[in-house]
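Take a look at the structure set out below.
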Amino acid sequence: MQLWVGLGNPGAKYAGNRHNIGFMALDRIADDHGFAPWRKKFQGQLSEGKLGSEKVILLKPETFMNLSGQSVGEAMRFYKLSPADVMVFHDELDLAPGKARVKQGGGHAGHNGLRSIHQHIGADYGRVRLGIGHPGHKDRVAGYVLSDFAKADQDWLDDLLRGISDGAADLAAGDSGRFLNAVALRVAPPRSSGGAKPKPEQPAKTAPEPQDTRSPMEKLMDKFK
């Protein structure tokens with residue numbers, strides 16, 4: 001059994017925020033893979049289902065971002081899981097929009113949701129880092145992550161979420177490479193191999209034969225030379 005956690009803030013006010021991309025990822029997985037309806041448990045919203053042969057619990061903490069670890073720790077203890085069984089989906093400022101990376105363990109890099117999880121279960125859990133880009137200056141970060149995705153972001157965001165759903169069973173099976181490949185195929189699909197047909201080769205041009213400017217009489221006399 002695995003516990004997959006999406007990070008975000010509860011309520012309609014925050015639903016479209018960049019900080020809520022973790023919630024969005026879990027919603028797409030639950031919808032596409034026939035998970036049970038969401039229900040309130042462990043200070044969050046919980047849904048259960050299967051990805052391939054793996055049973056997966058989806059959890060969206062409703063404690064607000066800074067206290068996410070309370071919900072995660074409670075769920076992990078209830079199901080008698082270890083940090084290695086936990087995968088956290090979260091926004092990542094240091095990745096370009098639409099990029100995804102999988103990481104096991106490590107620091108929280110100042111992310112308040114991860115910081116809280118560190119405090120409750122330690123650092124040895126997995127993460128799916130979902131790139132949202134950086135506003136350019138640290139003073140603008142808070143406003144940036146708590147703002148909605150722009151209209152111009154909707155195409156790559158939809159592709160990213162679809163790719164996460166496509167590769168979810170591979171991630172559950174422990175194959176992060178195949179998972180990331182599924183994401184890449186949505187976000188940056190390969191170009192078609194069928195381009196413009198090459199032009200057929202033209203036959204080489206030959207120099208024109210020189211014209212015969214002799215008179216009929218000269219041609220006749222030349223025959224008898």
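In this structure, D85 and K13 have a Cβ-Cβ separation that, at R0 = 45 Å, corresponds to a calculated FRET efficiency of about 0.90. When the pairs K103/K151; K13/K40; K50/K80; K99/K151; K60/K151; K13/K50 are compared against a 21 Å limit on Cα-Cα distance, K103/K151; K60/K151; K13/K50 fall above it. With the charge dipole of segment 1-141 set up from +1 on Lys and Arg Cβ and -1 on Asp and Glu Cβ about the Cα centre, the Cα lying farthest toward the positive end among the listed residues Y14, L46, F89 is that of Y14.
Accessible area per residue for segment 80-126 is 46 Å², calculated with a 1.4 Å probe on protein heavy atoms, without ligands, DNA or RNA. Highest mean packing comes first when the peptides 169-176, 61-68, 19-26 are listed by Cβ atoms within 10 Å, giving 19-26, 61-68, 169-176. Taking 7 Å steps out from each Cα toward its Cβ at A150 and R77 produces label points 4.4 nm apart.
The values are calculated or read from the model by the stated rules, or taken from the named source; none is laboratory data. These numbers come from a predicted model, not from an experiment. Note that each Cβ is placed from the backbone with ideal geometry, even for glycine, and that neighbours are counted across all protein chains shown. Remember, those area values only see protein heavy atoms, side chains included, never the ligands or the DNA or RNA. Shrake-Rupley method; radii C 1.70, N 1.55, O 1.52, S 1.80 Å.
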